[in-house]
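> Okay, handing you the structure first.
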Amino acid sequence: MLSLLWAVFLGYALTRHAVGHSINSPYRIDVHSHAIPDIWKQAMISAGFPIKNGTLYNDGEPVPDWSLDSHIDSMDTLGVNYSTLSITAPGISFIKNAQKAKSLARRINLLLHEYTETHPTRLGALCLLPLPHVKEAVAEIEFCLNTLNFTGIGLYTNTYGLYLGDSRMDPIFEALNKLNASVFVHPAAPTCTSVALNHPMPIIEYPFDTVRAIENLLINGQRSRYPDLKMIFSHGGGAIPYLATRIAGVATLDYGGGIPFSQSLAQLAGYYFDLASATSNIQLTALKSFIGAKKLVTGIDYPYVPLAQAQPGVAAIQANGNFSDDEMDLIRYENALEIFPRISKALKLT
């Protein structure tokens, strides 16, 4: 928790460096928002993603219109002072050729960098990796962090069936750990599409793919090998708050890994969760009981969550979660600054 003196200074510093924009009080950082560059949409169209009545569809839902100006306008409407941009699932996992994937990821990352240069005190960026091409992804991690000075790295629960926790992802985690990277994990659709019963994947398969990835990280031991990585999972951790004790219980058995219950539960509760589409009383009560306010961050998921839905959700967090003012400061910005020290650097905080 920031001291009163530091909080006063922080408010002054943020106000001073938000050139051309008024600062809402209290400050709010959104760790979950998406850019939708035209080159990404065109790549999806070329790869055969469906178009219905002139609209591109991905995982059963329409890809919304987006522009940099509309993104800044949405931030102003929602009282968001700083936002980290990422590319939603499936990233570019549909590009099967490694060199083509590397080239497209680089072009998109350079665009994200351009957006942040246009609005340096409003926007950060999370690096898009050309997964499942691991070697190329490691090189892009180094480029984004060391050359472009990105806020952090974007990952997905799975990329074309390659899940977090798979040993083939070890070089990725090694690079992230070496560079002390901050990681944002967005859910993706499983390759077994029949489980969605012809409904849009984001409805329930995104939350459950978060569970699959977190469970895999636990049972395969990848998370325990890199315990210090700061990782955010989306949408309130999916179904993890409800299923964590079940997973930890099975993990104690020989066939589940033989991991002590308390160790498993601590690991499952050791991530940060954003609150995109997780603002109801039931969700927030579960999250507060499971990990508490010190592990929660603001996530809005614009433009996939429209403003008409995002506004009441953001406004209801404090009441629905019965959070104190100090807890809301953690959720609005303090936890995000802890996870992403590069935001403090971008805002010239000391």
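> Of everything in the range 155-179, what is more than 17 Å from the chain's Cα centre (by Cα) and among the polar types (S, T, N, Q)? Give them in sequence order.
Once the filter is applied, which keeps residues that are more than 17 Å from the chain's Cα centre (by Cα) and among the polar types (S, T, N, Q), the range 155-179 yields S167, N177.
> Among the numbered criteria (1) crowded, with 16+ Cβ neighbours inside 10 Å; (2) within 30 Å of P64 (Cα to Cα); (3) within 20 Å of the chain's Cα centre (by Cα), which single criterion is violated by A293?
(2)
> Return a yes/no flag: does the range 245-260 have any residue that is out of contact with any Lys or Arg (no Cβ under 7 Å at 6 or more places or on another chain), closer than 24 Å to I204 by Cα, of a type in the set (V, I, T) and buried (at least 22 other Cβ atoms within 10 Å of the Cβ).
Scanning the range 245-260, I find no residue that is out of contact with any Lys or Arg (no Cβ under 7 Å at 6 or more places or on another chain), closer than 24 Å to I204 by Cα, of a type in the set (V, I, T) and buried (at least 22 other Cβ atoms within 10 Å of the Cβ), so the answer is no.
> In addition: Quick test of your reading of the structure: S262 fulfils all but one of (1) farther than 16 Å from G292 by Cα; (2) assigned to a helix (DSSP H, G or I); (3) touching a Ser or Thr at 6+ places or on another chain (Cβ under 8 Å). Name the failing condition by number.
Of the numbered conditions (1) farther than 16 Å from G292 by Cα; (2) assigned to a helix (DSSP H, G or I); (3) touching a Ser or Thr at 6+ places or on another chain (Cβ under 8 Å), the odd one out for S262 is (3).
> Okay, next question. When you go through S22, S46 one by one, which is the residue that is surrounded by fewer than 16 Cβ atoms within 10 Å (Cβ to Cβ) and modelled with pLDDT under 95? Steps first, please.
On the way: S46 fails: modelled with pLDDT under 95.
Result: S22 is the single residue among S22, S46 that is surrounded by fewer than 16 Cβ atoms within 10 Å (Cβ to Cβ) and modelled with pLDDT under 95.
> Considering only residues that are over 16 Å from P26 (Cβ atoms), part of a loop (DSSP other than H, G, I, E, B) and hydroxyl-bearing (S, T, Y), which ones fall in the range 303-350?
Listed by number, the residues that qualify are Y304, T350.
> Is there any pair linking a residue in the range 192-205 that is loosely packed, with under 15 Cβ neighbours inside 10 Å to one that is in a helix (DSSP H, G or I) and at pLDDT 90 or above, with Cβ under 9 Å and at least six apart or on different chains, and which?
That search, which allows pairs on different chains as well, returns T193/E205; V195/E205; V195/F208; H199/E205.
> Can you tell me which residue within the range 271-302, out of those that are in a helix (DSSP H, G or I) and small (G, A, S), is nearest to Y226 (Cα to Cα)? Give the steps one after another, and end with the answer.
Residues of the range 271-302 that are in a helix (DSSP H, G or I), as a first pass: 281-290, 293-295.
Going one step further and asking which of them are small (G, A, S), we end up with 286, 289, 293.
On the way: A286: 27, S289: 25, A293: 23 Å.
Selected residue: A293.
> Looking at the range 229-264, which of its residues are in contact (Cβ under 8 Å) with a residue 24 or more places away in the chain and among the basic types (K, R)?
K230 - this is the single residue of the range 229-264 that is in contact (Cβ under 8 Å) with a residue 24 or more places away in the chain and among the basic types (K, R).
> Which one is farthest from H34 (Cα to Cα), of the residues in the range 234-272 that are within 26 Å of the chain's Cα centre (by Cα) and of a type in the set (F, W, Y)?
Of everything passing the filter in the range 234-272, Y242 is farthest from H34 (Cα to Cα).
> Within the range 60-73, is there a residue that is under 18 Å from Y206 (Cβ atoms), buried (at least 16 other Cβ atoms within 10 Å of the Cβ) and out of contact with any strand residue (DSSP E or B) (no Cβ under 7 Å at 6 or more places or on another chain)?
Applying the first criterion (under 18 Å from Y206 (Cβ atoms)) to the range 60-73 yields 60-64.
Next cut, buried (at least 16 other Cβ atoms within 10 Å of the Cβ) only: 60, 63.
Pick out the ones that are also out of contact with any strand residue (DSSP E or B) (no Cβ under 7 Å at 6 or more places or on another chain) and you get 60.
Looking through the range 60-73, at least one residue is under 18 Å from Y206 (Cβ atoms), buried (at least 16 other Cβ atoms within 10 Å of the Cβ) and out of contact with any strand residue (DSSP E or B) (no Cβ under 7 Å at 6 or more places or on another chain).
> Sticking with this structure for a sec: List every residue pair whose Cβ atoms lie under 8 Å apart, where the two residues are 6 or more positions apart in sequence or sit on different chains, the first residue falls within the range 119-146 and is more than 10 Å from I172 (Cα to Cα) and part of a loop (DSSP other than H, G, I, E, B), and the second residue, located anywhere, is hydrophobic (A, V, I, L, M, F, W, C) and at pLDDT below 95.
What qualifies is P120/A346; T121/A18; T121/V19; T121/A346; T121/L347; R122/A18.
> Out of everything in the range 147-161 that is touching a residue at least 24 places away in the same chain (Cβ under 8 Å) and among the β-branched types (V, I, T), what residue ends up being nearest to E117 (Cα to Cα)? If you could, list the steps in order and put the result at the bottom.
As a first pass, look at the range 147-161 and keep what is touching a residue at least 24 places away in the same chain (Cβ under 8 Å): 148-161.
Next cut, among the β-branched types (V, I, T) only: 151, 153, 157, 159.
Details: T151: 13, I153: 18, T157: 29, T159: 29 Å.
So the residue we want is T151.
> Which residue out of L275, L218 is closer than 24 Å to S33 by Cα and modelled with pLDDT of 95 or more? Let's see the steps before the verdict.
Values: L218 fails: closer than 24 Å to S33 by Cα.
That would be L275, the only listed residue that is closer than 24 Å to S33 by Cα and modelled with pLDDT of 95 or more.
> Could you tell me which numbered condition S264 fails, if it satisfies all but one of (1) surrounded by fewer than 23 Cβ atoms within 10 Å (Cβ to Cβ); (2) more than 26 Å from D59 (Cβ to Cβ); (3) modelled with pLDDT of 95 or more; (4) not aliphatic (A, V, I, L, M)?
That leaves (1) as the condition not met.
The values are calculated or read from the model by the stated rules, or taken from the named source; none is laboratory data. Keep in mind that this is a model prediction, so the values were computed, not measured. Glycine also receives a Cβ, built like all others from the backbone with ideal geometry; neighbour counts cover every protein chain displayed.
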